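**Student:** My structure is below; once you've seen it, I'll send some questions.
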Amino acid sequence: MTILYSCDSNYVDQTMVSICSVIRWNREEKEIEFLVVGDSLLKEEKNRIQQLVEGKQHVVRFFELCAIPELEECSTDGFHPRSVYAKLFVDRLTEKKRVLYLDSDVIASAGFSELFSIDLQGAVIAGVRMPYSKRVLKRQGLQGETYICDGIVLIDVEQWKRRRLSQKAAAYIRACRGRPKRLSEGVIHAVCKGEILVLHPRYNVMPQFLVFRYRELERMHRITGYYSEQEMEEAKRNPVFIHFMRELYNRPWLRKSGNQRWNHPYRGVYRQYQRKLGVSTEGKEELSVRTKALRYLYEWVPFPVFLAVFLLFHRD
């Protein structure tokens with residue numbers, strides 16, 4: 001299996017934790033190839049990542065983000081570095097048939113070798129659906145389309161190359177003057193329209209799956225035809241990947257929040273990997289005032305009242 005990451009120096013520790021979890025849950029795999037696209041990573045940072053596979057049959061291959069000149073046109077900020085676009089140029093990094101891309105804030109919690117042999121049904125990319133309403137999708141120019149989270153995606157590299165999707169992605173970014181809506185996720189949905197396969201939600205358990213009940217999510221996002229309640233419950237019971245997105249919970253590598261319910265329920269699992277690696281990134285909690293207000297409201301008022309306020313501030 002081949003796993004792709006992209007990061008800058010701010011996410012080296014998180015990438016190491018993610019790689020460690022992948023190795024832990026795929027011990028039957030004789031060789032795992034890790035592709036790491038680094039944005040100006042230091043030599044010592046690369047060495048730390050390389051040490052994770054020493055004494056094993058696994059390999060780490062590094063690439064420089066600057067080797068993808070199209071990314072110079074991409075705008076960036078502190079929350080969304082340029083490295084998020086690297087997956088769009090996957091066919092320049094490997095000749096393997098399939099690649100699984102993982103964000104650095106993802107850990108594995110089960111084996112997933114089956115992903116590399118599933119029937120993609122002609123799709124070029126596969127991922128877990130975001131709970132967006134038809135109105136939100138229409139506003140993004142995606143009426144009737146499936147919208148997935150691009151933090152965990154399986155890519156058919158052969159099809160990606162054959163259909164020249166890297167070139168199409170570069171052209172789309174250029175047309176957006178380096179500021180595509182929803183960053184790399186928006187680019188994927190623009191160039192892969194009609195060629196996206198939906199995976200079971202256990203392949204990307206996001207914070208909102210853990211905070212809200214199934215019926216609550218349906219009403220909050222006014223969605224129909226989403227995953228079944230049974231699928232969502234299975235995802236929470238048996239996650240394959242846990243995605244520590246910057247929403248609803250304080251992320252596990254940061255200092256504990258004063259409100260225990262705001263700390264991610266898988267924080268302890270994450271910290272075990274950190275201790276094993278001797279990694280500690282104790283930054284301050286990053287929950288916004290708006291997120292805290294949302295959580296307080298959800299915890300302390302009847303759901304119909306919470307829902308009314310939520311819809312008022314999330315008009316689509």
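**Student:** If you take the residues in region 225-250 that are open to solvent by 10 Å² or more (accessible area, probe 1.4 Å) and over 26 Å from S113 (Cα atoms), which one is modelled with the lowest pLDDT?
**Tutor:** Checked region 225-250; the qualifying residue modelled with the lowest pLDDT is G225.
**Student:** Here's another thing I want to ask about it. Could you tell me which residue of region 251-271 is nearest to G111 (Cα to Cα), considering only residues that are open to solvent by less than 50 Å² (accessible area, probe 1.4 Å) and polar (S, T, N, Q)?
**Tutor:** Residue satisfying both the conditions and the ranking: N263.
**Student:** Continuing with the same structure: Take E229 and decide whether it is in contact (Cβ under 8 Å) with a residue 12 or more places away in the chain, over 24 Å from A110 (Cα atoms) and over 20 Å from the mean Cα position of the chain (by Cα).
**Tutor:** no
**Student:** A further question on this structure: Assess whether E29 counts as being of a type in the set (D, E, K, R) and open to solvent by less than 50 Å² (accessible area, probe 1.4 Å).
**Tutor:** Considered against the rule, which asks whether it is of a type in the set (D, E, K, R) and open to solvent by less than 50 Å² (accessible area, probe 1.4 Å), E29 comes out as yes.
**Student:** Strands (runs of 3 or more DSSP E) wholly in region 108-211 with at least 1 residues that are under 22 Å from Q230 (Cβ atoms) and out of contact with any His (no Cβ under 7 Å at 6 or more places or on another chain) - which ones?
**Tutor:** Where strands (runs of 3 or more DSSP E) fall fully within region 108-211 and carry at least 1 residues being under 22 Å from Q230 (Cβ atoms) and out of contact with any His (no Cβ under 7 Å at 6 or more places or on another chain), they are 125-127, 196-198.
**Student:** Follow-up question, since we're still on this one. Only one of (1) touching a strand residue (DSSP E or B) at 6+ places or on another chain (Cβ under 7 Å); (2) open to solvent by 50 Å² or more (accessible area, probe 1.4 Å); (3) part of a helix (DSSP H, G or I); (4) of a type in the set (K, R) is not met by R48, so which one is it?
**Tutor:** So the condition that R48 fails would be (1).
**Student:** Please pick out the residue among L71, L142, L100 that is at pLDDT 95 or above and open to solvent by less than 50 Å² (accessible area, probe 1.4 Å).
**Tutor:** Within the list L71, L142, L100, the selection yields L100.
**Student:** Quick one: V124 ticks every box in (1) open to solvent by less than 40 Å² (accessible area, probe 1.4 Å); (2) under 17 Å from the mean Cα position of the chain (by Cα) except a single one, so which number is it?
**Tutor:** (2)
**Student:** Mind listing just one residue for me: the one in region 272-298 that is part of a helix (DSSP H, G or I) and out of contact with any Phe, Trp or Tyr (no Cβ under 9 Å at 6 or more places or on another chain) and, of those, surrounded by the most Cβ atoms within 10 Å (Cβ to Cβ)?
**Tutor:** Once the filter is applied, the top-ranked residue is Y273.
**Student:** Now for a separate question. Of S40, S21, S133, which residue is more than 20 Å from A169 (Cα to Cα) and open to solvent by 10 Å² or more (accessible area, probe 1.4 Å)?
**Tutor:** Just a single option satisfies the conditions, and that option is S40.
**Student:** Shifting gears a bit: For region 36-69, which positions are farther than 14 Å from D8 by Cα and under 22 Å from the mean Cα position of the chain (by Cα)?
**Tutor:** Within region 36-69, L52, V60, R61, I68 meet the criteria.
**Student:** Okay, next question. Filter region 249-271 for residues that are touching a Lys or Arg at 6+ places or on another chain (Cβ under 7 Å) and either basic (K, R) or in a loop (DSSP other than H, G, I, E, B) (or both); which is farthest from Y101 (Cα to Cα)?
**Tutor:** Among those residues, the one meeting the criterion is R255.
**Student:** Select from region 257-316 the residues that are in contact with a strand residue (DSSP E or B) (Cβ under 9 Å, 6 or more places away or on another chain) and among the hydrophobic types (A, V, I, L, M, F, W, C) and list them in ascending order.
**Tutor:** W262, V269, L287
**Student:** Are any of the residues in region 68-84 under 16 Å from D150 (Cβ atoms) and among the charged types (D, E, K, R)?
**Tutor:** Yes, region 68-84 contains a residue that is under 16 Å from D150 (Cβ atoms) and among the charged types (D, E, K, R).
**Student:** From the set of residues in region 74-97 that are among the hydroxyl-bearing types (S, T, Y) and open to solvent by less than 20 Å² (accessible area, probe 1.4 Å), which is modelled with the lowest pLDDT?
**Tutor:** Looking at residues that are among the hydroxyl-bearing types (S, T, Y) and open to solvent by less than 20 Å² (accessible area, probe 1.4 Å), I get S83.
**Student:** Follow-up question, since we're still on this one. Inspect all residues belonging to region 21-41 and state whether any of them is polar (S, T, N, Q) and in contact with an Asp or Glu (Cβ under 7 Å, 6 or more places away or on another chain).
**Tutor:** Looking for residues that are polar (S, T, N, Q) and in contact with an Asp or Glu (Cβ under 7 Å, 6 or more places away or on another chain), one finds at least one in region 21-41, hence yes.
**Student:** When region 286-308 is examined, which residues are found to be under 21 Å from the mean Cα position of the chain (by Cα) and more than 19 Å from V12 (Cα to Cα)?
**Tutor:** Listed by number, the residues that qualify are L287, S288, T291.
The values are calculated or read from the model by the stated rules, or taken from the named source; none is laboratory data. What you see is a predicted model, and the numbers here were worked out from it, not measured in a lab. Methodologically, a virtual Cβ is constructed for each residue, glycine included, from the backbone with ideal geometry; neighbour enumeration extends over all protein chains shown. Only protein heavy atoms, including side chains, enter the accessible area calculation; ligands, DNA and RNA are left aside. Shrake-Rupley method; radii C 1.70, N 1.55, O 1.52, S 1.80 Å.
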